[in-house]
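Below is one structure, written out as structure tokens, with a few remarks after it.
Nothing in this text is a laboratory measurement; each read-out follows from the coordinates by a stated rule. It should be emphasised that the depicted structure is a prediction, and the values quoted were computed from it without experimental measurement. Counting neighbours? That spans all protein chains shown, and the Cβs are built from the backbone with ideal geometry, glycine included.
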Amino acid sequence: MVFTSHMSAALAEARAAAERGEVPVGAVVVDPRGRIVARAGNRTRELCDPTAHAEVLAIRAACALLGSERLPGHDLHVTLEPCAICAGTIAAARIARLYYGASDPKSGGVAHGARVFAHPQTHHRPEVYDGIAAGEAEALLKAFFAGRR
């Protein structure tokens, strides 16, 4: 099977989140046939919900669409390294592969910080691929925060 990156769709969700005044993070869930089945950008401020991260919202939408709490064989493409909340959600949903753009040394939960998938208590560990379109994802984040300082 040939790999197809869906990071451009995740980046579009991140840009839309920034336009809404949200931290520009976007995510898409891709089914085993390579089709995007759910997409989301951060909505924590809009929904007054600290768990309304792009990854969580996209996974919730995909699960609702499929009528299941698990997404075996599905991939998640996200613009920023998932935090501990999102990494836990990814494990619980049984996402097969995680592709992310920018690293997050401050709040990441995959390669930094909590390193959720490295814990023996984690029941599922997706394959993880980082650095995909990292430059563009980092630029979106830097521009967003520069405008607020």
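Once you charge only the Cβ atoms, +1 for Lys and Arg and -1 for Asp and Glu, what is the size of the charge dipole of segment 79-132 about its Cα centre, to the nearest 20 debye? Write down the numbers at each step before the final one.
Working: 5 positive and 4 negative charges, 30 e Å.
Rounded to the nearest 20 debye, it is 140 debye.
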Inter-centroid distance (Cα atoms) of segment 94-120 relative to segment 15-84, Å
15
Could you point to the residue in 66, 34, 98 farthest towards the positive end of the chain's charge dipole, with +1 and -1 charges on the Cβ of Lys/Arg and Asp/Glu respectively?
66
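Give the percent of DSSP beta bridges with both residues in the chain that are antiparallel, rounded to the nearest 5.
Working: 9 of 17 bridges.
Here the antiparallel bridges make up roughly 55 percent for the chain.
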Taking the convex hull of the alpha-carbon atoms of the chain and averaging its shadow over every direction gives an area in square nanometres of 8.5
Pick out which of 26, 113, 101 has the largest mean-square fluctuation in a Gaussian network model of the chain, springs linking Cα atoms closer than 10 Å.
113
For segment 27-149, the dipole about the Cα centre with charges only on Cβ (Lys and Arg +1, Asp and Glu -1), to the nearest 20 debye, works out at 140
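What trypsin sites (Lys or Arg not before Pro) does segment 11-103 have in DSSP loop regions with at most 14 other beta carbons within 10 Å?
Working: sites: 15, 20, 33, 35, 39, 43, 45, 60, 70, 94, 97; in loops: 20, 33, 35, 43, 70, 94.
The qualifying sites are 20, 33, 35, 70.
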Ranked by GNM mean-square fluctuation in the chain (Cα springs under 10 Å), the top entry among 64, 137, 91 is 64
Highest-fluctuation residue, 63, 83, 48 considered, GNM on the chain with Cα pairs under 10 Å
48
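Just need the relative contact order of segment 42-124 here, percent rounded to a whole number, with Cα pairs under 8 Å and 6+ apart.
Details: 126 pairs, mean separation 20.8, N = 83.
So the answer I get is 25 percent.
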Once you keep just the Cα pairs under 8 angstrom separated by 6 or more residues, what percentage relative contact order results for the chain?
20
So the angle from the long Cα axis of helix 54-66 to the longest Cα principal axis of the chain, reported in degrees to the nearest 10, equals 40
